[in-house]
1. Within the stretch 11-34, is even one residue open to solvent by 10 Å² or more (accessible area, probe 1.4 Å), modelled with pLDDT of 90 or more, under 20 Å from VAL168 (Cβ atoms) and in a strand (DSSP E or B)?
2. Please count how many residues of the stretch 265-282 are within 27 Å of PHE215 (Cβ to Cβ) and either buried (at least 17 other Cβ atoms within 10 Å of the Cβ) or among the polar types (S, T, N, Q) (or both).
3. What pairs come out if I take residues in the stretch 114-136 that are more than 12 Å from TRP49 (Cα to Cα) and hydroxyl-bearing (Ser, Thr, Tyr) and pair them with residues that are part of a loop (DSSP other than H, G, I, E, B) and open to solvent by 40 Å² or more (accessible area, probe 1.4 Å) whose C-beta lies under 6 Å away, six or more apart or interchain?
4. Could you grab me the full set of residues in the stretch 181-201 that are farther than 23 Å from SER271 by Cβ and buried (at least 23 other Cβ atoms within 10 Å of the Cβ)?
5. Just name the residue that is surrounded by the fewest Cβ atoms within 10 Å (Cβ to Cβ) out of those in the stretch 221-242 that are of a type outside the set (S, T, N, Q) and modelled with pLDDT under 95.
6. Kindly establish whether GLY141 is within 24 Å of GLN162 (Cβ to Cβ) and within 21 Å of the chain's Cα centre (by Cα).
7. Keeping to the stretch 168-184, report how many residues are hydrophobic (A, V, I, L, M, F, W, C) and more than 16 Å from the chain's Cα centre (by Cα).
Amino acid sequence: MLLASLLLSLAAVTSSAPGIEDWDRVLPGLELAFPADHGPHPEYLIEWWYITGQVESETGRRFGYQFTIFRRGLVPSERPAGSSALRAQQVYAGHLAVTDVKNGKTLFSERLRRASSALVDAPRGDLQLALEDWSFVRTDGDLLQLSAGDAAQSIGLELQLQPTKPLVLHGANGYSSKGADEGNASAYFSWTRLATSGVLTVGGESMRVAGKSWFDHEYGSSVLETGVQGWDWFGLHLEDGRDLMVFLLRRADGTLSPASSGTLIELDGSSRRLQSTEFSIRSLETWKSPRTEGVYPAKWEIEVPSIQLKVQAMPLVPDCELGTGKSTGVAYWEGPVELRGSHPGRGYAELTGYAGSMDGRF
């Protein structure tokens, strides 16, 4: 969801970087057109393409996975005539994580490259992304193909992901407000339920897997308002066939921003926005990172009264904290969860701002 905005903390940003006023901002009345808007938007400062999912092997072994490609602009204009082809206009980063539920561990890989190098391919006009040998592309019929691996971490993904519901435009036709200023917003759209199959590698063992995944794409320039410390985000697949996205924007004083929001997606793919007053998320337990000493929620009660939903969301593995010192420079928790209660299901949670505030980063 919002995760890739962390790219603003990249070391590639210098003191001479352009100000926020030099970039386009996502404003009300946003009009999206596909497939063009599946591709990059370099006139905006930040952008990300994000996949999470839960899959099982043919023997029932269970895994979670996350794959994200981030883009961060350095210069909001085209390269000046006569300038070096090595002068980067954009930087791209990638995160790849596999959570091995049986062994209770999460394995992680990251990379960071300048767009001017031969190691990045991200043409405008469609979803056709390559970061070295990692690739994420849209093909005919909106089939998504993901290929990524890291031999040093003994992890890899070769997956095909087919949407089973239409593309969802969050907020007001894709305009997702994140604050009182109309420019504190992102363009946000998702394929919330993708039938997933392929090969997953962990610990040097490759196995065929199948399951469900969630795809987010967001872009913008000034996403959060001052004072927001971090967010809690959930992308959930309910067993009754509905999908639920909810996020909380947490202020430093402990209150929640009224821009916290959500989307309920019905079985037929129709959707409706949930205002912050239409749902609640309450932390029931905590987990403390042995590396950063960040204290994260570790179990939640989620309620949506309008659909009589009241569930407990529990991480499948406690330690899903990712340290990104070689790319985005922050620590965050990203892992698979299981739902128990009125609406059983599975999904993913993303938690930021618990091992250092996100205020001022974007």
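The values are calculated or read from the model by the stated rules, or taken from the named source; none is laboratory data. Note that the coordinates shown come from a computational prediction; the quantities given were computed from them, not determined experimentally. For neighbour counting, all protein chains shown are included, and Cβ atoms are generated from backbone atoms with ideal geometry for every residue, glycine included. To get the accessible areas, we keep the full protein, side chains included, count just its heavy atoms, and leave off ligands, DNA and RNA. Shrake-Rupley method; radii C 1.70, N 1.55, O 1.52, S 1.80 Å.
1. no
2. Here the count works out to 10.
3. SER116/LEU86
4. Once the filter is applied, which keeps residues that are farther than 23 Å from SER271 by Cβ and buried (at least 23 other Cβ atoms within 10 Å of the Cβ), the stretch 181-201 yields only LEU200.
5. Taking the candidates together, the pick is GLY227.
6. No, not satisfied.
7. Of the residues in that region, 2 qualify.
Matching residues to (1) surrounded by 16 or more Cβ atoms within 10 Å (Cβ to Cβ); (2) closer than 30 Å to ALA195 by Cα; (3) without any contact (Cβ under 8 Å) to a residue 24 or more places away in the chain:
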{"position": "LEU244", "(1), (2), (3)": "yes, yes, no"}
{"position": "PRO258", "(1), (2), (3)": "no, no, yes"}
{"position": "VAL295", "(1), (2), (3)": "no, no, no"}
{"position": "ILE307", "(1), (2), (3)": "yes, yes, no"}
{"position": "MET314", "(1), (2), (3)": "yes, yes, no"}
